[in-house]
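The values are calculated or read from the model by the stated rules, or taken from the named source; none is laboratory data. Small disclaimer: the values here were computed from a predicted structure and weren't measured. When we count neighbours, we look across all protein chains shown, and the Cβ atoms used for this are built from the backbone with ideal geometry, even at glycine.
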Amino acid sequence: MEKLSKTSLNYYLSEYLEDLKRAGVKDFRRTPLRFAAPPSPTDVERPAASAESPKSASGKPSESGATQSRKPAPSASDDERERALAQIAAQVACCSLCPELVANRTQTVFGTGNPYAELCFIGEGPGAEEDARGVPFVGRSGQLLTDMIEKGMKIKRADVFICNVVRCRPPQNRNPERSEADACRPFLDATLDVVRPKYICCLGSIAATNLLRVDAPIGKLRGIVHDYKGSKVVCTYHPAYLLRNPAAKKQAWEDLQLLMREMGLFK
Ligand code: URA
């Protein structure tokens, strides 16, 4: 029998749960999904109203834009948020919009982390290791990103959400083409609409310019708090760049401190 990928399995599980619900079954155990780290008690208790009108962790109202609002997720309960992400992941797994990427990928790389995360990191696209394992940022850049999150920001990696501009590995780790980023954009927006992070950190210029739809070098985009549909966005260097240019780690740390100040984690 053909072995199911984890993504397909998630899809079938979510369909199965729907069938059970349609059949009137109300009480069944939650099925943990690959990308869904268990929400922390704070996340579960966070009232829907505070998720809709974000305040910074310091209690200050966000200046960033209740007005530009992201499409509100329909009263997302615990299961609904996880199921919504599983459905996007299933669509991603079937996507064939970018012929060169489809021909070269081992599998799609959807995203990983907590569906209730306040902070989302966006990278460029999967590399060889990510393509092999189906999880973003698990290679050398991923180890550095994990250190930035856990040793620098003192947050658990499992408490944030991590995804990429494109969900298939560009061959030879080339930059994703603009057309590929555009084709994958609905998946990125749909993911952000479900997770609704208060804060986004763009890793490198591909992530920053694609998310914010600006044409500027990363050096000009860092040091500023941008807005994307009500999420505060900080841009910094990509971990792969930092591995090649360790001197830039000082500036990356300044960027993380800016982000932490916005989050009320750093004075
Ligand atoms: N680089 C990225 O931009 N994303 C990954 O997932 C891994 C490396």
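Tallying residues that are in a helix (DSSP H, G or I) and either buried (at least 20 other Cβ atoms within 10 Å of the Cβ) or at positive phi (or both) within region 132-143 yields 2. In region 207-218, the residues that are part of a helix (DSSP H, G or I) reach residues that are acidic (Asp, Glu) and within 16 Å of the ligand (Cβ to nearest atom) with C-beta atoms within less than 8 angstrom, at least six apart or across chains, in these pairs: 207/124. Scanning region 119-178 for residues that are of a type in the set (A, V, I, L, M) and touching a strand residue (DSSP E or B) at 6+ places or on another chain (Cβ under 8 Å) yields a count of 10.
Of the residues 191, 146, the single one that is without any contact (Cβ under 8 Å) to a residue 24 or more places away in the chain and among the β-branched types (Val, Ile, Thr) is 146. Failed condition for residue 81, given (1) modelled with pLDDT of 95 or more; (2) assigned to a helix (DSSP H, G or I); (3) in contact with a Phe, Trp or Tyr (Cβ under 8 Å, 6 or more places away or on another chain), with all others met? Here residue 81 clears every test but (1).
Regarding region 213-234, can at least one residue be identified that is surrounded by fewer than 19 Cβ atoms within 10 Å (Cβ to Cβ), within 17 Å of residue 144 (Cα to Cα) and out of contact with any Gly (no Cβ under 7 Å at 6 or more places or on another chain)? No, every residue in region 213-234 fails to be surrounded by fewer than 19 Cβ atoms within 10 Å (Cβ to Cβ), within 17 Å of residue 144 (Cα to Cα) and out of contact with any Gly (no Cβ under 7 Å at 6 or more places or on another chain).
Yes/no per residue for (1) modelled with pLDDT of 95 or more; (2) more than 10 Å from the ligand (Cβ to nearest atom); (3) among the hydroxyl-bearing types (Ser, Thr, Tyr); (4) within 21 Å of residue 253 (Cα to Cα):
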position: 115; (1), (2), (3), (4): yes, yes, no, no
position: 118; (1), (2), (3), (4): yes, yes, no, yes
position: 122; (1), (2), (3), (4): yes, no, no, yes
position: 127; (1), (2), (3), (4): yes, no, no, no
position: 138; (1), (2), (3), (4): yes, no, no, yes
position: 142; (1), (2), (3), (4): yes, no, no, yes
position: 153; (1), (2), (3), (4): yes, yes, no, yes
position: 156; (1), (2), (3), (4): yes, yes, no, yes
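Could you tell me which residue of region 146-160 is surrounded by the fewest Cβ atoms within 10 Å (Cβ to Cβ), considering only residues that are in contact with a Gly (Cβ under 8 Å, 6 or more places away or on another chain) and within 16 Å of residue 202 (Cα to Cα)? Looking at the filtered set, the residue picked out is 157. When only residues in region 235-254 that are more than 16 Å from the ligand (Cβ to nearest atom) and charged (D, E, K, R) count, which is farthest from residue 144 (Cα to Cα)? Looking at the filtered set, the residue picked out is 254.
Conditions tested, residue by residue: (1) among the β-branched types (Val, Ile, Thr); (2) within 26 Å of residue 97 (Cα to Cα); (3) in contact with a helix residue (DSSP H, G or I) (Cβ under 9 Å, 6 or more places away or on another chain); (4) assigned to a helix (DSSP H, G or I).
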{"site": "146", "(1), (2), (3), (4)": "yes, no, yes, yes"}
{"site": "149", "(1), (2), (3), (4)": "yes, no, yes, yes"}
{"site": "154", "(1), (2), (3), (4)": "no, no, yes, no"}
{"site": "167", "(1), (2), (3), (4)": "no, yes, yes, no"}
{"site": "175", "(1), (2), (3), (4)": "no, yes, yes, no"}
{"site": "182", "(1), (2), (3), (4)": "no, yes, yes, yes"}
